[in-house]
Amino acid sequence: MINKLKIKQSSKVSVVLLALMLFGEAYSYGQTTIPKDSLPKDSVKSTYDIADLIYQIFRPGKPRKPAQKKSGITPMPSIAYNPSIGAQIGLKAVAGRVLGHEPNTLMSIAATSASITTKGIIYFYLAHNVYTPGNRWNFQGSLVAAKTVVPDFGFGIGAKGTGTPEEVILANPDRKGYVIHGQYYNFREKVYKQVMENLFIGAGVSIDIRRALEDKSNPDGLTPYHIYSREKGFKTDHYLANGFLFNLQYTTRDNQNRAYKGIYADAGLRVNQSWIGSTKNAVQLTTDFRKYWSLSSRNPEHVLAFWNWGSYLVSGTLPYLELPGTGKDVNYRSGRGYTVGYFKGTDYFYSELEYRFPITANKFLSGVTFVNVQTANDNLGTKIFHKWQPAGGAGLRILFNKATRTNLCVDYAIGNYGAKGLFLGLNEVF
């Protein structure tokens, strides 16, 4: 819990509240690693972050004391906003510890959160990302229970075509909005083994349960979700998607929160099997590639970053809400400009290019500009790579933690069909 601070000056309170209001999701269940100090000591001293700002507000003119060992558990508000969930408020706690004494051991993280949003979403999760000494093993896992409200804009990429009335409703070329209510439960655990420097192999399992699914505004069932589910043999009120996970991962990033240089690449197979409870069998291939170029040796914060994320159905049948699409990456951050699931298909391909640059000399403020494109197949004959949907925007970065390069992110993006929105979060999108 956060104690209330009794401050006479209302301006001081306003600044702190602003900092808390910008607080997004610090740790997602896929990649929650926070490295140890990633900046040289001289650089850290010359850099200014939120902690320095708050100290100056409450202790003006007083020198900072030498850093002391802090508690391993950090409670904090969970506040965020994006067009998919609306405004979110809740509580979370994060614990971090380096296991072992090897200099190349990354910090292990555990996090839990409970939150509610203005769109009626109630969300609880418990997650961990544990590195054994020397990064020999990495355990990633999460447990989620949620009351969900899922926006839906149909199957495909918004391409127009001819077909039966139900086929046109499913493809939804005009992107009419629907809302699916339900319950969501997930258990996921993966184990990675380092087989050589920077290269990991992993395996695990994911149990996904959807219950009490309904579109309250369309009781007749003529919605993309109902049409797809009936066509593919799924019950419209519930299903399970249980599968095994196999991954190959390579990374040379200098920092996982805000890389200046390096590569991150991950290729994975998900194999849903009915004998472990999945409603349908399916094999799905997912790829994630990120590359970072620092454009200045004198000022490495000038970075050109590229991201490609794709998912492709190899065989079998996926439930509608598990189809890959906008914002369906592991951290739910892709496709700025559109809500989660705005475009989706059995095959999906996404790319983004972002330029990151400093604004102030002390690195407290920086900015980004970005463009992205996505493509998917549909049921009217459109194949992947035949039609593309672009979006773009710009954002402000506020340095939250200079030792770990953690930024508060405020982005505004615009896409097609009148789609636009403000996106708040903690840590870079990729």
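The values are calculated or read from the model by the stated rules, or taken from the named source; none is laboratory data. Here the structure is a predicted model, which means the values were calculated and not measured. Backbone-built Cβ (ideal geometry, glycine too); neighbour counts: all protein chains shown.
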Could you please let me know if Gly182 is crowded, with 16+ Cβ neighbours inside 10 Å, under 21 Å from Leu323 (Cβ atoms) and not polar (S, T, N, Q)? yes
I'd like the full set of residues that are without any contact (Cβ under 8 Å) to a residue 60 or more places away in the chain and either aliphatic (A, V, I, L, M) or surrounded by 18 or more Cβ atoms within 10 Å (Cβ to Cβ) (or both), limited to the range 156-172. Ile169, Asn172
Sole residue being touching a His at 6+ places or on another chain (Cβ under 7 Å), charged (D, E, K, R) and within 30 Å of Ile276 (Cβ to Cβ), chosen from Arg210, Arg230: Arg210
Residues that are over 20 Å from Arg333 (Cα atoms) and surrounded by 15 or more Cβ atoms within 10 Å (Cβ to Cβ): does the range 115-127 have at least one? no
Among the residues of the range 210-233, is any under 21 Å from the mean Cα position of the chain (by Cα) and among the polar types (S, T, N, Q)? no
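Conditions (1) without any contact (Cβ under 8 Å) to a residue 40 or more places away in the chain; (2) part of a loop (DSSP other than H, G, I, E, B), marked per residue:
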{"site": "Tyr225", "(1), (2)": "no, no"}
{"site": "Tyr228", "(1), (2)": "no, no"}
{"site": "Ala241", "(1), (2)": "no, no"}
{"site": "Gln249", "(1), (2)": "no, no"}
{"site": "Asn257", "(1), (2)": "no, yes"}
{"site": "Asp266", "(1), (2)": "yes, no"}
Total residues in the range 197-247, condition small (Gly, Ala, Ser) and either farther than 30 Å from Gly134 by Cβ or out of contact with any strand residue (DSSP E or B) (no Cβ under 8 Å at 6 or more places or on another chain) (or both): 7
Condition set of a type outside the set (Val, Ile, Thr) and loosely packed, with under 15 Cβ neighbours inside 10 Å, scope the range 268-280, selection nearest to Arg188 (Cα to Cα): answer is Gly277
If you take the residues of the range 186-218 that are closer than 30 Å to Leu269 by Cβ and of a type in the set (Ser, Thr, Tyr), which of them is surrounded by the fewest Cβ atoms within 10 Å (Cβ to Cβ)? Ser206
Within the range 128-143, does at least one residue satisfy the condition of being out of contact with any Pro (no Cβ under 6 Å at 6 or more places or on another chain), among the hydrophobic types (A, V, I, L, M, F, W, C) and in contact (Cβ under 8 Å) with a residue 60 or more places away in the chain? no
What about Ala267, is it within 30 Å of Val429 (Cα to Cα), in contact with a Pro (Cβ under 9 Å, 6 or more places away or on another chain) and of a type in the set (Gly, Ala, Ser)? no
Within the range 219-251, residues polar (S, T, N, Q) and either over 30 Å from Gln194 (Cα atoms) or loosely packed, with under 15 Cβ neighbours inside 10 Å (or both) come out as Thr223, Ser229, Thr236
The lone condition Asp411 fails out of (1) modelled with pLDDT of 90 or more; (2) over 15 Å from Gly327 (Cβ atoms); (3) part of a strand (DSSP E or B) is (2)
Given (1) of a type outside the set (Ser, Thr, Tyr); (2) modelled with pLDDT of 90 or more; (3) under 21 Å from the mean Cα position of the chain (by Cα); (4) part of a loop (DSSP other than H, G, I, E, B), Val144 misses just (4)
Before we move on, is Leu399 hydrophobic (A, V, I, L, M, F, W, C), in a strand (DSSP E or B) and within 17 Å of the chain's Cα centre (by Cα)? no
